[in-house]
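Participant: Before we start, here is the structure in question, set down as structure tokens.
The values are calculated or read from the model by the stated rules, or taken from the named source; none is laboratory data. Since we're looking at a predicted model, the values are computed, not measured. Here Cβ is always computed from backbone atoms with ideal geometry, including for glycine, and neighbour counts include all displayed protein chains. Ligands, DNA and RNA are stripped out before the accessible areas are found, and what is left, the full protein with its side chains, is counted by its heavy atoms. Shrake-Rupley method; radii C 1.70, N 1.55, O 1.52, S 1.80 Å.
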Amino acid sequence: MDNRHEAGFEIVAREDFSDVTFLLEIDHPLMAKAARPGQFVITILHDHGERIPLTIADFDRERGTVTLVIQAAGKSTREMQQTCRVGTRLLSVTGPMGEPTDLGDVRKVVLVGGGLGVAPVFPQARAYKENGAYVIGIIGFRTKELVFWEDKFKACCDEFIICSDDGSVGIKGLVTEGIKRAIRKHGDIDRLVAIGPPIMMKAAAETTRPHGIETVVSLNPIMVDGTGMCGGCRVKIGDGIKFACVDGPEFDGHEVDFDDLMNRLQRYKADEKLAFEKWSEDCRQQLPEDSDPAAAGPAASGPERQQPQVDAGMFDGTYRMGMPKGK
Amino acid sequence: MAKKTIRTIPQDRTLMPVQDPAERARNFAEVALGYELDAALNESERCLLCPEANCVPACPVAIDIPGFIEKISKRDFRGAYDVVADANLLPAICGRVCPQEDQCEGVCPVGDTLEPVAIGRLERWIGDMAIAEGWANLPYTEPNGFKVGVVGSGPAGMACAADMAKAGCDVTIYEALHRPGGVLRYGIPDFRLPNEVIDAEYANLTRLGVKIECSTLVGRLFTIEQMIDEMGYDAVFIGTGAGSPQFMGIPGENLIGVLSANEFLTRCNLMHAGEFPNYDTPLHLGGRVAIIGAGNTAMDAMRVALRLGADKVHCVYRRTRAESPARVEEIDHAEEEGIEFHWLTAPVEILDDGEGNARGMRCLAMELGEPDASGRPRPVPIEGSEFEFEADTIIYAIGTNANPILGQTSDLKLNEWGYIEADDTLATSMAGVFAGGDIVTGAATVILAMGAGRKAARSMKAYLGIRDSETVYRPAQSGSDGKIFGIDAEERNFTRIRAA
């Protein structure tokens, strides 16, 4: 292995999808070669930074890069949004972590991405398609402005449904509406994969449960090392406890205790608010008035600490399922 | 000089100054301050310099203990360091964290009548001096063309890496975290082992030519098989540690406020959660902290919690102090700092405050029964002894399981508990791949892991056909450079064998 990462991991491309959602493409040839759908990385912005798990949204073996899609919600992701530019480096990008998706011999699969969850579900859609499966894609956003990767996703799908909470694009309603339509139309769905905020994954699992359709969800608990060492990411699956970082992150959606997961995601809520406020204050002192990052959006109320591989900020109101937040 | 006897040596073990308990319980500065020169000289006089010393075989890395102590007493400090560094690249670390009372000091004959020689304190003193003076024991090595990969930068990996580098191999260590050191970094807190000491002793590794690649998760980024088949490694050592924390499986363990000692210590030691929000990683410590378990990790967790401002820290252990696996000094220090110990107490449930947070535990009082498989008396619950124990942060320090990643990603043979199977030479089921430390034995100590790393290095050298030698390079003390063709004639261990 060469020493190109000694000073960190270089960002080679950035794309902003909205005020809050952005993409970083990172130079990491070994990771590009090793990554498989379903896996995640842990990133660290700088030497005072925290370890943030993010699901790999794409990887390009020829370019030697991996792609992450990030939602600026709390202190760390907003700082990433502000400071990550092409040519800058992340202190650490470690992985690929977790067990890759087992594509099995699935012939017909529904892939559901909610908000930022569209990013991690994309490599799975592509892999199922390449594997010869019939792919039904369902993606949902709060509103039209937040939509990203619609064409990229659609290109891997045999059927495609887009939903929005406010009806500004596609079906008006939650992704569960799309799931119900797909189930009505197809009696032979082998598997449904849902990635998004826990409340969305829970709703997706409840929608498929009466039909007995195998449902895979990718969990996003708070974690530190991501290598099975801290146990912070423990989740209740059926009667047992699993570590999402090494046993998952994908689990049987019908077995997951989502209420327990959602409670545990609240662990550092107060601290996150404090970190964000302090950071905003520091920025205000450092920057000219008009670049105040706090003006970019509401203060994060949701957990971002070590957050979710998928939805760095889906609790802060940028994505809603029309259900009460949290537990 | 007349032969020393038990009657002629200084009778009292030389005390090591420590920070005042009330003061230190609120800071992260080192607790034990180490010997000064006079203290070290005095203590070195207490060694009887036994010709067939018990302490040497009792040391997992077989340091020539009387040899280095004799050099201290003769004020040849550099010579003393060279003797230690022969066997142990990390004297400043091991002097601090080894359980000497169970090893070298436990078999010291002085201890039959008096307190044993404070071998650990002397080792630390000489290690600290080497750091202060910038000494490094760098042998002359001739590259032999072999490429060795080491997985994990903890004590096992570093000991193996050092020996292989000294033998002339091109060594690369891969570390999954973003900083090297393994358990020394994420596990052992600063007041017991300052980060600067780790950095200084690790710098010796890089001076030996060892490369350390952090943020590299072996198994997932590339596999052990790929290291051998595609990346050109002639041999691989696995020292990944045990690492996966155990919970008890009692109700309420997923409540907010319940965490493993690994998570707690990693947040604090590696990620600086104690300095939140200047560092981004939060901790959210409660006022009333209970630590379950009484090993070294438990002691570390308790004392970190205290230093981070917990009002009260409790230790809950189902056996008694006598059965506690912690170093005696750590229990003493914890007690002095005001940790409250609840021996013979076992939690049976974590209690919910109604909002998903832990508010305490339901516990049972225990009594000691017949010895169990570990040889220690089995704790038996006393019927009807249930009581509630209030705590808002509950930390599990009851041991670890094998980390599953290498098992998931390679064909290495594992035992029934998921640890890597290795034979007496520490060879695994895969040719050229060796393993040692906690990932083979289950959780043990830093020094045992280092011992395993060195043992694996010996086997690895045999496997590669590299001549092994008991002696290492000693820099000429005379000041004259007696080298011929750049090779010191006195030096007996430079490597002549090259890869075919």
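Participant: Calculate the mean, over all residues of peptide B:399-406, of how many other protein chain Cβ atoms lie within 10 angstrom of the residue's Cβ.
Facilitator: Mean partner-chain Cβ count within 10 Å for B:399-406: 3.
Participant: Give me the dipole magnitude in Debye, nearest 20, for region B:247-400 about the Cα centre, with unit charges on the beta carbon: positive for Lys and Arg, negative for Asp and Glu.
Facilitator: Computed charge dipole of region B:247-400: roughly 280 debye.
Participant: A follow-up question, please. Which value, in debye to the nearest 20, gives the size of the charge dipole of the protein assembly as shown about its Cα centre, when Lys and Arg are +1 and Asp and Glu are -1 at the Cβ?
Facilitator: My answer is approximately 1080 debye.
Participant: Taking θ = phi - 60°, what integer Hz values does the Karplus form 6.51 cos²θ - 1.76 cosθ + 1.60 yield along region A:52-57, in sequence order, with x for Gly and Pro?
Facilitator: Per residue, the Karplus-derived 3J(HN,Hα) values read 10, x, 9, 6, 5, 8 Hz.
Participant: I would also like to ask the following. Using the Karplus equation 6.51 cos²θ - 1.76 cosθ + 1.60 (θ = phi - 60°), what ³J(HN,Hα) coupling, rounded to whole Hz, does each residue of region B:343-354 give in order, writing x for Gly and Pro?
Facilitator: Result, rounded to whole Hz: 6, 6, 10, 10, x, 10, 7, 9, 9, 8, 7, x.
Participant: Of A:Met229, A:Val256, B:Pro66, which is farthest on the positive side of the dipole of the protein assembly as shown, counting Cα position, with +1 on Lys and Arg Cβ, -1 on Asp and Glu Cβ, and the Cα centre as origin?
Facilitator: A:Val256
Participant: Non-local amide H neighbours of A:Ile161 (under 5 Å, H modeled in plane, Pro and chain starts lacking H): which ones?
Facilitator: Residues meeting the amide H criterion: A:Gly137, A:Ile138, A:Ile139.
Participant: Rank these by accessible area, largest first, 1.4 Å probe: A:Arg51, B:Arg321.
Facilitator: B:Arg321, A:Arg51
Participant: Treating only the Cβ atoms of Lys and Arg (+1) and Asp and Glu (-1) as charged, compute the dipole magnitude of region A:1-108 about its Cα centre; round to the nearest 20 debye.
Facilitator: With Lys and Arg at +1 and Asp and Glu at -1, about 120 debye.
Participant: Ranked by accessible surface with a 1.4 Å probe, highest first, in what order do B:Asp423, A:Asp19, B:Asp438 come?
Facilitator: Largest accessible area first, the list is A:Asp19, B:Asp423, B:Asp438.
Participant: When the accessible area of chain B is split by element with a 1.4 Å probe, what percent falls to carbon and sulfur?
Facilitator: Taking all protein chains in place, chain B shows 50 percent carbon and sulfur surface.
Participant: Calculate how steeply helix B:296-307 sits against the longest principal axis of the alpha-carbon atoms of chain B, using the helix alpha-carbon long axis, and give the answer as 0 to 90 degrees to the nearest 10.
Facilitator: Orientation of helix B:296-307: about 70 degrees from the principal axis.
Participant: Round to the nearest 10 and give me the degree value, 0 to 90, for the angle of helix A:198-208's Cα axis relative to the longest principal axis of chain A.
Facilitator: 10 degrees
Participant: Further question on the same structure: Rounded to the nearest 5, what % of the DSSP beta bridges within the protein assembly as shown are antiparallel ones?
Facilitator: 50 percent
Participant: Quick check: the angle from helix B:155-166's long axis to the longest principal axis of chain B, C-alpha only, nearest 10 degrees?
Facilitator: For helix B:155-166, the angle is close to 10 degrees.
Participant: Let me ask something additional. Probe radius 1.4 Å, ligands and nucleic acids ignored: give me the carbon and sulfur share of the accessible area of region A:1-149 as a rounded percent.
Facilitator: Here carbon and sulfur together make up 44 percent of the probe-accessible area.
Participant: Next question. Scan around B:Arg359 for amide H atoms under 5 Å from its own, H built in the peptide plane at 1.01 Å from N, and keep only partners 5 or more places away or cross-chain.
Facilitator: B:Leu351, B:Asp352, B:Asp353
Participant: Counting only C-alpha contacts under 8 Å and six or more residues apart, can you give the relative contact order of chain B as a whole percent?
Facilitator: 16 percent
Participant: Another one. Test of the criteria: in region B:1-54, which GluC sites (Glu not before Pro) are in a DSSP loop and have at most 10 other Cβ atoms within 10 angstrom of their Cβ?
Facilitator: For GluC sites (Glu not before Pro) across region B:1-54 that sit outside H, G, I, E and B with at most 10 neighbouring Cβ atoms in 10 Å, the list reads B:Glu52.
Participant: Where only protein heavy atoms count, and the probe is 1.4 Å, what is the accessible area per residue for chain B in Å²?
Facilitator: 39 Å²
Participant: Please compute the net charge surrounding B:Gly375, taking Lys and Arg as +1 and Asp and Glu as -1 over other residues with Cβ under 13 Å from its Cβ.
Facilitator: Value of the local net charge: 0.
Participant: Gain in length, A:Leu274 to A:His48, computed as 0.36 nm per residue apart minus the alpha-carbon separation, to one decimal in nm?
Facilitator: Full extension of this stretch gives 79.8 nm more.
Participant: Shifting gears a bit: Would you please give the FRET efficiency between A:Asp151 and A:Glu206, computed as 1/(1 + (r/R0)^6) with r the Cβ-Cβ distance and R0 = 22 Å, to the nearest 0.05?
Facilitator: E(calc), rounded to 0.05, equals 0.15.
Participant: Ranked highest first by the average count of other Cβ atoms within 10 Å around their residues, in what order do B:183-190, A:98-105 fall?
Facilitator: B:183-190, A:98-105
Participant: Whose amide H sits under 5 Å from the amide H of B:Asn401, counting only residues 5 or more places off or on another chain, with H placed in the peptide plane?
Facilitator: Long-range HN contacts for B:Asn401: B:Ser244, B:Gln246.
Participant: Modelled label-to-label distance, B:Met248 and A:Ser168, 7 Å Cα→beta-carbon offset: nm?
Facilitator: Rounded to a tenth, the inter-label distance reads 5.2 nm.
Participant: Counting heavy atoms of the protein chains only and a 1.4 Å probe, report the per residue accessible area for chain A as a whole number of Å².
Facilitator: 36 Å²
Participant: Note down the accessible area of B:Arg378, probe 1.4 Å, to the nearest 10 Å².
Facilitator: 120 Å²
Participant: Same structure, new question: Only Cα pairs under 8 Å and at least 6 apart count here; give the relative contact order of chain A as a rounded whole percent.
Facilitator: With pairs under 8 Å counted, the relative contact order is 19 percent.
Participant: Using a 10 Å cut-off on Cβ to Cβ distances, tally the other chain neighbours for every residue of B:216-224 and report the average as a whole number.
Facilitator: Shielding by partners across B:216-224 averages 6.
Participant: How many Cβ atoms of partner chains, on average, are near each residue of B:252-263 if near means within 10 Å of its Cβ?
Facilitator: The shielding value for this peptide is 5.
Participant: Between chains B and A, what is the buried accessible area in Å², counting both sides, with a 1.4 Å probe and ligands, DNA and RNA left out, to the nearest 100?
Facilitator: In total, this chain pair buries about 4100 Å².
Participant: Using 0.36 nm times the number of residues separating B:Glu275 and B:Lys4, minus their current alpha carbon distance, what extension gain do you get?
Facilitator: Full extension of this stretch gives 92.4 nm more.
Participant: While we're here: What's the extension gain from B:Ala22 to B:Glu336 if we count 0.36 nm per residue and subtract their Cα-Cα distance?
Facilitator: 112.2 nm
Participant: Determine ³J(HN,Hα), in whole Hz, for all residues of region B:288-293 in sequence, where each value follows from phi through the Karplus function 6.51 cos²θ - 1.76 cosθ + 1.60 and θ = phi - 60°; x replaces Gly and Pro.
Facilitator: Couplings: 10, 10, 10, 10, 9, x Hz.
Participant: Given Cα pairs under 8 Å that are at least 6 residues apart, what percent is the relative contact order of region B:61-135?
Facilitator: Relative contact order comes out at 32 percent.
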